[in-house]
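Read the structure below first, then the notes.
The values are calculated or read from the model by the stated rules, or taken from the named source; none is laboratory data. Everything numeric here is computed off the predicted structure, so don't read it as measured data. Every residue, glycine as well, gets a Cβ built from its backbone with ideal geometry; the counts of neighbours run over all protein chains shown. Just so you know, the surface numbers come from the protein's heavy atoms only, side chains and all, with ligands and any DNA or RNA stripped out. Shrake-Rupley method; radii C 1.70, N 1.55, O 1.52, S 1.80 Å.
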Amino acid sequence: MRFLSILVAALAVGAQARQFAKPEGPTSGDGEVIPNRFMVRLQLGTAKTDTEIKDYIINNLSAPEEKDPENLSSFDDIPLRRPSAAGKSTTYHKIPSRDVKFIHVINTPLFQGASIEVSSYTPRQIRAAIKRIPKSIGTPKPIRGFKPIIDFDEKERKTKGRVPPDFSAQSWHIKTGVDQLHKKGIYGKGIKIGVFDTGVDYMHPALGGGVGPGYKVEIARDYTPPWAFGQGLDCQGHGTHVAGTIAGNATGITDPKYKPDYEWWGVAPQATLGSYKTICYTSEDSLAAAIYDAQKDGMNIISGSFGFISPTIGGLVFEAFEAVEKAGVVVVIAAHNWGKAGVFTITNPGTSLKVLTVGSLDSGKGWLWRLVGPKGEKVAYLPVRAVEKQWSNESVGLVLAAPAPPSSRPDSGCAFLPTNATNKVVVFDAQKWPTCYDLCSGVPSVGGVGCVLIGSHQVNDYIPNEMAGVVDPGLPLATLVRSEGDKLIAAVKKQPNGLWNFTEERIVVDLPNGGRPSHFTSLGLTPDLDIKPDIAAFGGGIYSTIPSEGLTGTQPAYAYYSGTSMATPYVSGVVALYLQLHGKTSTPSAVRAAFRNTATPVSASVDAKKRNGQLAPVIQQGTGLINAPAAILSETVFEPSLFSLNDTVRLGNGEKTLKVVNNGKGRVTYRLRHVPALMVMGVSVNGSDHYDVLDQERFSDTYANVKFTPDTVTILPGRSATIKLKFTPPRGKGWPIYSGYVKITTSKKKEIYHVPYAGIVGDHSTRPIFSHYPAYDSALRISTGINKLFGTPLLSASLATGTRRLKVDLVPVGTDTPIGTVIANPLSFNNIIVDDMGIFTDVSRNQRGVLNGTETVTTTHTLMWSSGYVISPPLTIAETLSSNYTAILTERNVVVPPKGRYVVRFRACRPFGNVWEEGKYDVWDTQAFEYGDYFSGNEIFPEGPQETTTAAEGEEETGSATAGVDSLPIPTGGLLIE
C-alpha cells in the first residue's frame, strides 16, 4: 500500500531527526487515537451486572452500510471520481459479536457503560451504531491512548551522613504549618486517598510492607495492558515517590537496605492509600474506569499527577473527575511542568473548576556534595547516580567547553568539544547548548574522564537536579545549579591547570529561588479564561520513597524528585488532615475555597527580570503557598472565593460583589486592600507582521486598579456582609494577563485571607491562531508551508494559540474560493482527534525556543497530504459538523486537482468562536506552489516563501513564515507525568 509505506518511511526519518530531543520517557504513540475504540455511555439503571451491560450493547449495535475510502485496501482503489451515490445507504445491519471487543465495563452508581473496539467497520459506522443504541447518552468520541512523557527530576542515591535539622522533610511541614496539626494528633487517620500514578511499591517498609485490609495501601488496582513497559508494582518509581509524600513513615527502620538518610514522615502518615496504576501506559477509557472505581472503593480524595495538553475543556477523564467530585470526592490535580513554555500551559483535567489544581514552589535549601579547588575554593555539586561510574576523591583537572557556534544545528552542535581533554573533566555551561541533551556522550572521544553540566533545561538553575533519562557515557557525571556553576567557571578561568577534588562531603546550600514558584510550574489561565492553578506547595527537590524492587545495598530506597507531581501529593495529604478534623462529608467546593483563601502569596521567581519582592502572578501560584492550619481552622467564608475576570470586553463595567460570612463565635472586623501581582505577557506582537508565543513568560509591573465600597466591615457571628468591588484593567498589547489579590486582614490575631483575581487585557476572541515568526519543524527539518518527503507533499503550520477545530482546503491562486478539502493525516501532531479527512479537533499551540542563545524560532504542526487528493466540492464548516456528515461525504468526489498554481488554506477556530461560523475562524495561506499530476511524476514544487502579512488585532490573516529551527517542542500529545 503506497500511502502506508510512505508514512512508515516518514516516521522513521522523524524518529532519527528527533534523536537529540530531551529524553523524557517513551513517547511513541503518545496521544494517538486508538483505532475503532469508543466509549458507550448508557442511562443509569439500564442494566444491573457487567454481563447485562455487555449483552445490551451487543444486542443493540447496528451499523449503516458504507464503503469508506479511508479503509480501502490502498489509495489506488480510490477512483478519481466516485459516483454521487457511492456508499450512500440508510440500511443498517447488526454488528456480529465476534467483531466487538469489550475493553472496560464500568458499572457504578455514577456511570454505566463500556469502552469497545469494533473491527471491520469504519469510525463513522461505529459512531452511528452507538448513537442508535436506545439508551445511549451523548456523542461517541474516539479514545486516545497514552504513554507518559516523564517530566520530573530524577533520583539521588542513598547517601552517607545525616541531614541537618533544617533540611529534613519536617522543614516543609513547618513552612506549611502541617507540623502544628501533627502536634495536635491530626495525621489523616480514617481518610482514604487514591493515588493515580505509575503504581506503588507497597512492599517498601515506609509504605507499610504489604497490601490489603490493615495495611497502609489497602487497594492496588492495575489498569495497564499486559504488554506495557515496566510490569511490577511500580513501573517507573514516580507513584511510589508520590505515595511517600502523602503517607510515608520512614521512622524506626533499621534494615540497611531501607534505612533513610534521616527519619521523616509524610503529610498524612495515618491515612489509607489506594494504588490505581494507570499511567505507565493508559487510555482515556482506562483512566475513566479507574476514576469511577476509586469512588466506588470509597476513596475520599483522588491525587493525580498527570495531564493532557489540550486547548479545550472536557473529555472522558475530565467528565469522570467532575462526576466523582459531585459525589463528594475531593480531586487534587497537578498544574503540570511546562512553565517555560509560557501561559495557557495548565493541562486537562487541571483546567476543571471542580478540582484543586496545584502549582510548585522550590525548596529553600539543597543538600549537595562539596567540590574543592586548587586554592581551597568550595563549590557545591550533585553527582548523577543514574550512571555506572561515580566520582572518587582523586584530584583531576577541569577544562571548559566552548559555547556552540551560533550557526550550528542540534545534530552538529552537540559534537563541538575541546580538542584535547586527556585525563580531564569537561565542563559545559549547558545554557549555551540549549538544543543538546547528550553533551557528555562525546567526552570520552577527546580523552575526558568526567563531565559537568551547569544550568540548562536538563539541569535546573535553582534546585538540585539529576537528568531524567540521561545516556550513560561511561564516565562520572555531575550537575551544578546556576549560582554554583558561575563560581566554578570563574575559578577555572583563573587557574586553568589547577586540580579539583569531587569529594563526598555533604553541605547545605541556600537556594536563591527557595519559597518561590519553580521555573517549571505551568501557568494559567484555562482555555475559558478561568483562574488556575488554585494554590501551590513545595515541589522542587522533595525527598521521598522510591521502589525497593531489585535494590542492592548501594542503591537508593529514597530519592529527591522535583515537579508539580511532588507538590500535588503534599496538598492531597493536607486535604486528608482537613477531612479528619471536619469530617468526610465536607463538600469538595468548601475544601477548595478554604485552601484557596487561606494560602499565602509568594514573591516572583528570581529569574523574573530581577523583580524581587513583587508577587508572582496568580496564574503561576494561585493564591500561593498552602497554609494547613489556617485552611482547617478558618471560620470565614468568601463568596466567590476568586474572581475570574475574563477579558476586557467581557468584563463589562468591572463591578463585582464579595460576600463575607462570619461562621465564628464572635464579631470580626474585616479590612480590605488591593495587592497587585506581576502582569504576564504571553505573546509578542511587533508591528503588523509578527505575532507569536513567547519562548518564556515575560513580566511587567503594570497593574489593575481595584476599589472597595466599603473597605472595612464588622460582622457579627453567623452573619454576613456584601462589599462592592470595581476592577479597572491595565492597558497593554498582546493580550497580557493581569492579576492580584484582595487582601483581607481581620481583628483576630494573625488571621489573613486572600481572594485572587485575574483577567486578560483586550478582546481574547480576536486573538490570532497562526504564528508569523520564523518557524521550523524540529523533527523533519521542514519550514512552514509546503514541502515534500519521498515525493509526498507535507503541509506545515505554526499555531501560536491552540484551536478547537482546524480545517485544510486547496485554493487556486488568484481566487478566494477553495476547490477542495485536502485529505491529510497528522505527521507531527499527536494529541488531536482526526475527525475525518482534512478536519481536526483539539490542536495544541506550538512553542518557541532559542537556538544556541541567538536564534528564536517556533515549531510547527505537520500534515502528510495523502497522494495529493482533495474532496470536491470542498466541505463547508457547517457540513463537517453536521449530524448528516456521512451522507454528505458520500456525495462528494475524491479527485486529483488539475495542474495549476495553488495555496493551501488553513482555517482555525478562534477563542470563544462558534465552530459553526466561518467568520470566527483565523485564516492562514501557505506560499504559492505549482501542482502537477502526482501519478505522472510531476510532484508539488514550492515557488518559495511569500511575504508574511499579519492583520491588525481581530482581523483575518494570510501569509507564510520562513524557516528556522526549534529543538524544544512542547508535547502536542501524550500523558504528561508532572
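Overview of results
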| read-out | value |
| --- | --- |
| Gyration tensor (alpha-carbon) shape descriptor, the range 470-574, a/c threshold 1.5 | oblate |
| Global geometry of the range 276-332, whether rounded, prolate or oblate, following the gyration tensor of its Cα atoms and the 1.5 cut on a/c | oblate |
| Among 340-346, 250-256, 214-220, the order from most to least packed when residues are scored by Cβ within 10 Å on average | 340-346, 214-220, 250-256 |
| Computed E for THR745/SER392 - FRET, C-beta separation, R0 56 angstrom, nearest 0.05 | 0.50 |
| Computed lengthening from PHE102 to ASP486, 0.36 nm per intervening residue step minus Cα-Cα distance | 132.4 nm |
| Residues of the range 323-360 with amide N under 16 Å of the 7 Å Cα→Cβ point at THR587 | 323-331, 353-356 |
| Distance between modelled label sites at LYS326 and LEU44, nm, 7 Å Cα→Cβ extension | 0.8 |
| Potential lengthening between GLU655 and LYS184 on full extension [0.36 nm per residue; Cα-Cα distance subtracted] | 165.3 nm |
| Given LYS584/LYS726; LYS183/LYS259; LYS726/LYS807; LYS354/LYS707, the pairs whose alpha carbons are separated by over 32 Å | LYS584/LYS726; LYS726/LYS807 |
| Spin-label pair ASN825/SER765, simplified geometry with 7 Å Cα→Cβ offset, distance in nm | 3.8 |
| Per residue, in Å², the accessible surface of the range 586-655 once ligands and nucleic acids are set aside, probe 1.4 Å | 34 |
| Label zone at ASP297, where the point sits 7 Å out along the Cα-to-Cβ direction: the range 205-228 residues whose backbone N lies under 14 Å | 211-224 |
| The range 344-399 - accessible surface per residue (Å², probe 1.4 Å) | 32 |
| Packing-based ranking, highest mean first, of 588-599, 916-927, 810-821 given that Cβ atoms within 10 Å are counted | 588-599, 916-927, 810-821 |
| Given charges at Cβ of Lys, Arg, Asp, Glu: the range 560-656 dipole, positive-most of ALA567, LEU577, GLY652 | ALA567 |
| Per-pair calculated FRET efficiency, R0 = 51 Å: GLU879 and LYS724 via Cβ, rounded to 0.05 | 0.55 |
| Where labels lie 7 Å past Cα in the beta-carbon direction, separation of ASN705 and VAL508 in nm | 4.8 |
| Amide proton proximity set for ASP534, modelled H, under 5 Å, gap of 5+ | THR357, VAL358, GLY359 |
| Computed lengthening from LEU716 to ASN420, 0.36 nm per intervening residue step minus Cα-Cα distance | 98.7 nm |
| Within-10-Å neighbourhood charge of GLY759 [Cβ basis; K, R +1; D, E -1] | 0 |
| Peptide ranges 328-335, 899-906 listed from the most packed, as the mean C-beta count within 10 angstrom indicates | 328-335, 899-906 |
| Global form of the range 562-660, assessed from the alpha-carbon gyration tensor, a/c cut-off 1.5 | oblate |
